[in-house]
1. Separation between the residue 237 and residue 210 pseudo-spin-labels, each 7 Å from Cα along Cα→Cβ, expressed in nm?
2. Packing-wise, with mean Cβ within 10 Å as the measure, how do 37-44, 169-176 rank, highest first?
3. Let me check against my output: what whole-number percent is the relative contact order of the range 1-41, with C-alpha pairs under 8 Å and at least 6 apart?
4. Which FRET efficiency, nearest 0.05, do residue 376 and residue 244 yield, Cβ-Cβ r, R0 30 Å?
5. Over the range 3-223, what is the mean sequence separation of C-alpha contacts under 8 Å (at least six apart), divided by residue count, expressed as relative contact order in percent?
6. Please order 266, 240, 186 by the number of other Cβ within 10 Å, starting at the fewest.
7. Could you give the nm distance between label points at residue 296 and residue 259, where each point is 7 Å from its Cα heading toward the beta carbon?
8. What full-extension length gain, to one decimal in nm, is calculated for residue 110 and residue 305 as 0.36 nm per residue of separation minus the Cα-Cα distance?
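Nothing in this text is a laboratory measurement; each read-out follows from the coordinates by a stated rule. Fair warning: this is a prediction, and the values are worked out from it, not measured in the lab. Glycine gets a Cβ as well: all are built from the backbone with ideal geometry, and neighbour counts include every protein chain shown.
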C-alpha cells in the first residue's frame, strides 16, 4: 500500500516521497483515512510506530483544504475576554508529555508541511517565554505544547483556544502518569465542543479510558499491536542487589568494563540523577546529568557533548529515554528499574543503534522480581539473570529483614559517597574491578 491510497492530498504525498517515506505504517493505514473523515479516534500505538504522521498529515490536509475562518461572533465564554485582548487561537492543538517530544513533533510538522504557508508555535517548559510570546502574538495555525506551559499561557491570556478544530493528545498515558490530568481537563474546557479529537496512547485502559470518554464523542478505537524493536541486537541482563550499597558496588564493576564506550545510566528521580552524576564526576568519569529540571539550552549542550564523544556516561531520568539517538552508546544501565514495561523498552533502545549491538543491564532489588517478569511478558524475550564474581547477592534466607536502603538526601556541599562502602570494606583496585567486569562479560 502507498500513501496515495489513503486519501491524502497529492501535494502531501509528493512531500512524503521527498522525505523518503515509501509506504505507510499500520497505524497510518488505519488512522489517516478515519481522521480525514472527521472521526474522533482512540488509538493504541507505541512510540516509533509512525503515529506523528498518523495525526499530523490529516491535520495539515484540513489546513490545506480550508482557509482560516473569519472571527466568530462569540467564541467560548472563557475565550471572549481573550479575543478583546487580541489573543490568537490555533486551529490545531497537539498536547505532548515532554518538551523533547513536542520539539520532535514540531520538527516533523515542518517537514510534512513543506510548501504550505503554515505557522507553528511550540509552547514548552524550560524555554524562554519571550520567544513563545512572539510566536503567538500574530495569527498561527498549529500549537504544540506541554500541558503545564500551555496552561500558564492561558492563565496569562496570551493565547486563546476558541478556534481549535483538531485536538491531539499524544502519549496520553504518559501525560497522566506525569500528573497532568487537571491541566488537561482545564485546557479541554477552553476548546470548542465541536472539534475533532485524536487520542494516542500505549494503552487505552484505566485512567486513559476514562479520559477518552470525557474528551471524545463516539470515538473509533484503533488497536495497533506493539512492535518491540532492537531486542534482537541487545543483550539483556539483570543483576540482583541486596541493598543500595550492594547496588553501587555492582554499578562500579559495570563501569570498569573495558568494552563500555558510552553508557546511559537511568535513575528514578531528578535528585538521584544529579547525585549519581556528581559522585561519578568526583571519581574522574566524564559524565553529565539529564532531567526535567534542566533548561533546554543545558539539555542541548549535554546531549551534544555525548554525541561528540566528550562524555562517556550520561545519568538520566526517563525524560531522556525518547530523545537520545547516539550510535556510540554501548551500554544502558538501569540503576533504578523502570516502573512501566514500556519505559524499559524505550530505555534499552538507546543502545544497539544503527545496526550495532548493545548491552542493557538492570539492577533489581529482590522484591522486584515481579517487575522483571512483567517486562519479559511485555517484550516476549527472557532477561538473563547474571552475577559478577565476588558480588553475588546473598540467598534470601541469609538476608536480615531490614537491609540498608538508599541514603537520605545529602546536604549541599557534602560528598555524595558513591562507592565508599566498597573502598572501606574491600579496598579493591581498578584492576580487580576490571577483572570482575570481564568475568561478568564471559
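1. Going by the 7 Å Cα→Cβ label model, 4.3 nm.
2. On the way: 37-44: 19.4, 169-176: 24.1.
So the order, starting with the most tightly packed, is 169-176, 37-44.
3. Working: 20 pairs, mean separation 17.6, N = 41.
Computed over the range 1-41, the figure is 43 percent.
4. On the way: r = 25 Å, r/R0 = 0.82.
Computed FRET efficiency for residue 376 and residue 244 comes out at 0.75.
5. Working: 363 pairs, mean separation 63.8, N = 221.
Normalised by residue count, the contact order of the range 3-223 is 29 percent.
6. On the way: 266 28, 240 21, 186 15.
Lowest count first: 186, 240, 266.
7. 3.9 nm
8. Working: separation 195, 0.36 × 195 = 70.20 nm, distance 2.64 nm.
The span from residue 110 to residue 305 would gain 67.6 nm if fully extended.
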